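Below is one structure, written out as structure tokens, with a few remarks after it.
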Amino acid sequence: MLQTWIGQIPSIFYNEMNGYDFELEFSGTEREYEELKKAFCKAGISEELVRIFHKNDMCGRDDKISKIRKLLAWMEEKPDRQFDKDGFLKENEDLFSGAYPLIVVNGSVGDESLYVCGADIELESVTAVSELDSTELTYIPIVFVVAADNAEAFQTDLKYMLKRKDVTNDQLFFLLNDKHEAFKEKRIIKDLGIQEPNIISSLEEELVKRYLEVYPLTDFIGRSIKVLEEKISEMEEKLTSENEKCETDGKEIYSVIDKLETRISNLKKANDAFEQRDNLEMPAAFKAEEADLLNLIGGWNSKKTKITKAEEAPELAKKLDEDVHSYFESFVEKVRELSAAEVKQIRDTFVEWYDYGEFDPAYDGSNITIKKNPEAAVPSIAEALMKLKDDVYVAPKEDLLGILLRVNAAEKPDQVLQVTYYTQVWRQYAISVVKPIAETYMSQQFDIIHDYFDTSAEAYQIHLGVLIQQQTQEKEKASLQLSEEAQLLQADNDWLGEFKDQLKEIERG
């Protein structure tokens, strides 16, 4: 389970990569993605040092739990003669029946139940921790209700919990009723060995729900998948033996069915590739082109610090304006080329995935209309640059003759206005104008790519769905030509196939 060792991930990668400054692609739920980022942040590692991308967004635990419940309901609604449903459910009654427990020690927290991730959480109150001597507490959240009148008993109870091997600090929560005594109670908890206690004011807090979602519900999903996989293996072994005996009769019909099942399997493989496609990230090359653009502007006329000649400033302002427009036009062209290359890569990948199906090669779901490239331009900045100046009054420069002709040598000449334009100020202004326009343009181009990515994938999936349905109907027709006993066995095989498909859907998320 990722959550049990997620805090160690930063140090694991540090050792593996000989330091930080790398990119990390993550496949998982949004919650796990946030937990991973939090683990690096907690270790003092900034997003600049480790750039984490959510490559593949898997469905959350609530969705998985819903699919498990749906599978169990399907077993009830569509029984199979080879599957002992009642025996299976009785054997796993502790897993599939009832709510998930949350233990409350020495107090009341109001409601008798919670609802998290589509699962019922049942509250069990105990007045003495000795009641839990024979209870397996792994992953069960335990809430201590702490008040001034039970402070002594609380310390004894907490020491008991900390000695248990099936209890970790993460699953202990402390509901502090007395705000005036809160500091003292926190101090006691820390002194007993929990440096970062889970302090709550109600069970509705995100801290509690997060623990329930991350630990006991994840454990339920894992154990459910395990027992379902074991049942599938058991049924596969039994049906394989029966199929071998039956296939000697009606050999030609079974040959047709096998071919159709192979087609269906290949088509499902193709569909799975589209279903599990990675999240699309803005191409790194876009950002590289933006960096080059801003570097060009930032390095413009870098050997010149300032302009003090009145006649020179307008010409240089015009020159920077023209250069900025030239740089930006080149940037736009390069991003468009990169976008076209990205679309081509998506098209080639989708065609490759579709070819897994080995059926109807003439179809091309990637051949769809792509939105038109957006227009982008930067405004003229020459006029604005001329306003970015420093006006300073200075003493005029005099030659020797001017000094000699002065009637009074002590008399100072009137100061004159000197206008100074700093090229670094100009460059910074140009960057401030260009950067948001460039980022908007990149975002618009990425939206076009993303729209093509999703629209094309959906077109392929719709087409594959139609093909799967057609081939399934063909297989059903072929099955009708079998003997009555063989038809029953084929129904068993089809039932198991549907069982496996539903479990696969749960597993992949």
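The values are calculated or read from the model by the stated rules, or taken from the named source; none is laboratory data. Because the structure is predicted, anything quoted here is derived from the model rather than measured. Cβ coordinates were reconstructed from backbone atoms using ideal geometry, including for glycine residues, and neighbour counts include every protein chain displayed. Please note that ligands, DNA and RNA were not included when accessible areas were found on the heavy atoms of the full protein model with its side chains. Shrake-Rupley method; radii C 1.70, N 1.55, O 1.52, S 1.80 Å.
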**Study point:** Theoretical FRET efficiency, 1/(1+(r/R0)^6), r = Cβ-Cβ of K371 and V227, R0 56 Å, to 0.05
**Key:** 0.70
Review point. Each label point is 7 Å from the Cα along the Cα-to-Cβ direction; what then is the distance between the points at L480 and R81, in nm?
Key: 2.0
Exercise for review: Determine the distance separating the Cα centre of the stretch 334-366 from the Cα centre of the stretch 288-314; give it in Å without decimals.
Suggested key: 42
Practice item. Express in nm, to one decimal, how much length is gained between V425 and E252 on full extension, taking 0.36 nm for each residue of separation and deducting their alpha carbon distance. Key: 53.9 nm
Review point. Calculated from DSSP H runs of 4 or more alone, at -39500 (n - 2.57) each and per residue, what is the 222 nm mean residue ellipticity of the chain, nearest 500?
Key: -19500 deg cm²/dmol
Study note, to complete from the structure: In the stretch 259-378, taking the dipole from +1 charges on Lys and Arg beta carbons and -1 charges on Asp and Glu beta carbons about the Cα centre, the listed residue (P361, F328, I307) farthest towards the positive end is I307
Revision key, fill the gap. Applied in sequence order to the stretch 449-456, the curve 6.51 cos²θ - 1.76 cosθ + 1.60 (Karplus, θ = phi - 60°) yields integer Hz couplings, x standing for Gly and Pro, of 4, 5, 4, 5, 4, 6, 5, 5
**Study point:** Apportionment of accessible area to carbon and sulfur, the chain, percent (1.4 Å)
**Key:** 49
Review point. Alpha carbon centre of the stretch 201-258 versus the stretch 427-458: separation in Å?
Key: 44
Review point. For K245 and K318, FRET efficiency with R0 = 56 Å and r from the beta-carbon atoms, rounded to 0.05?
Key: 0.05
**Study point:** Neighbour count of at most 16 Cβ within 10 Å plus DSSP loop: longest GluC sites (Glu not before Pro)-free window in the chain
**Key:** 412-509
Check your understanding: Which of the listed residues, M75, Q276, I437, is farthest toward the dipole's positive end in the chain, when Lys, Arg count +1 and Asp, Glu count -1 at the beta-carbon?
Key -> I437
**Study point:** Simple spin-label estimate for A43 and E234 in nanometres, 7 Å along Cα-Cβ
**Key:** 4.2
Practice item. Return the sequence-ordered ³J(HN,Hα) values of the stretch 369-380 in whole Hz as given by the Karplus equation 6.51 cos²θ - 1.76 cosθ + 1.60 applied to θ = phi - 60°, using x for Gly and Pro. Key: 6, 9, 4, 5, 4, x, 7, 8, 7, 9, x, 5
Check your understanding: Assuming R0 = 51 Å, what is the FRET efficiency of E498 and A285, from their Cβ-Cβ distance, to the nearest 0.05?
Key -> 0.70
Practice item. Find me the longest stretch of the chain that has none of the exposed trypsin sites (Lys or Arg not before Pro), where exposed means in a DSSP loop (not H, G, I, E or B) with at most 10 other Cβ atoms within 10 Å. Key: 166-302
Revision key, fill the gap. Residues whose built amide H sits under 5 Å from the amide H of G107, excluding neighbours closer than 5 in sequence, are V126
**Study point:** Spin-label model distance (nm) - S432 vs D63, 7 Å beyond Cα toward Cβ
**Key:** 4.4
